[in-house]
Structure formats: C-alpha cells, structure tokens
Amino acid sequence: MLYKRSLILTGAAHEWLPRVTETLPTALDLAPLEAALMQQGNTVALHGGSALFRTFYELLSSLVGPSLTERLLRPIWDNS
C-alpha cells in the first residue's frame, strides 16, 4: 500500500507521524494522520504533511509514470 510505504519513509524525518504496524488495515483510515497533524504547530504540520504528500507522489509516479500521477493528484495539490 502506497500510503503505508509513504508513512514509513517520511516518518524517519518526521517522528510524530503515525507509526505503521503490520496490522494497518487495508482500508485507508486517515484519522490517525489527521490527529497527528492537529497535535502539531502549523509550520511543523505543513512541513510533515507536505513531505508525506511528496513521498506518496514520488512512489506513485515510479509505478504509473509522472504524467498520470500529475493528472490524478493535481486536484489535491491545488486545494492544499
């Protein structure tokens, strides 16, 4: 799962991000991420959230290519 891998990679630099466990459900549950972001100051949350999104973007791009990744994720990036 890309979200899980993104958390693992980004969590090394942003230790306050939710920890990934083997029991992470297959359904995407963003509640732990939202709670972790809400506990941080604006600047820390912005840097960590941006780093997580960039990591997710790069992983997805490596699988489906940059053009399709851009089309899929541009609406999310534009709203942030």
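Using a simple spin-label model with points 7 Å from Cα along the Cα→Cβ vector, what separation in nm is obtained for A12 and V44?
2.2 nm
Once you charge only the Cβ atoms, +1 for Lys and Arg and -1 for Asp and Glu, what is the size of the charge dipole of the chain about its Cα centre, to the nearest 20 debye? All intermediate terms of the calculation are to be shown ahead of the outcome.
Values: 6 positive and 7 negative charges, 27 e Å.
Result for the chain is approximately 120 debye, rounded to the nearest 20.
Only Cα pairs under 8 Å and at least 6 apart count here; give the relative contact order of the chain as a rounded whole percent. Walk me through the intermediate numbers first.
Numbers: 44 pairs, mean separation 25.0, N = 80.
Result for the chain is 31 percent.
Would you calculate, for the chain, the mean residue ellipticity at 222 nm contributed by helices, counting each DSSP H stretch of 4 or more residues as -39,500 (n - 2.57) and dividing by all residues, to the nearest 500? Mind dumping the intermediate values first?
On the way: 4 runs with 55 residues, N = 80.
Rounded to the nearest 500, it is -22000 deg cm²/dmol.
How would R74, R5 line up from fewest to most surrounding beta-carbon atoms within 10 angstrom? Working shown, then result.
Numbers: R74 10, R5 13.
The fewest-first ordering by Cβ neighbours comes to R74, R5.
Each reported figure results from applying straightforward, stated rules to the coordinates on display, with no laboratory input. Predicted model, so just to flag it, every value in this text is computed and none were measured. When we count neighbours, we look across all protein chains shown, and the Cβ atoms used for this are built from the backbone with ideal geometry, even at glycine.
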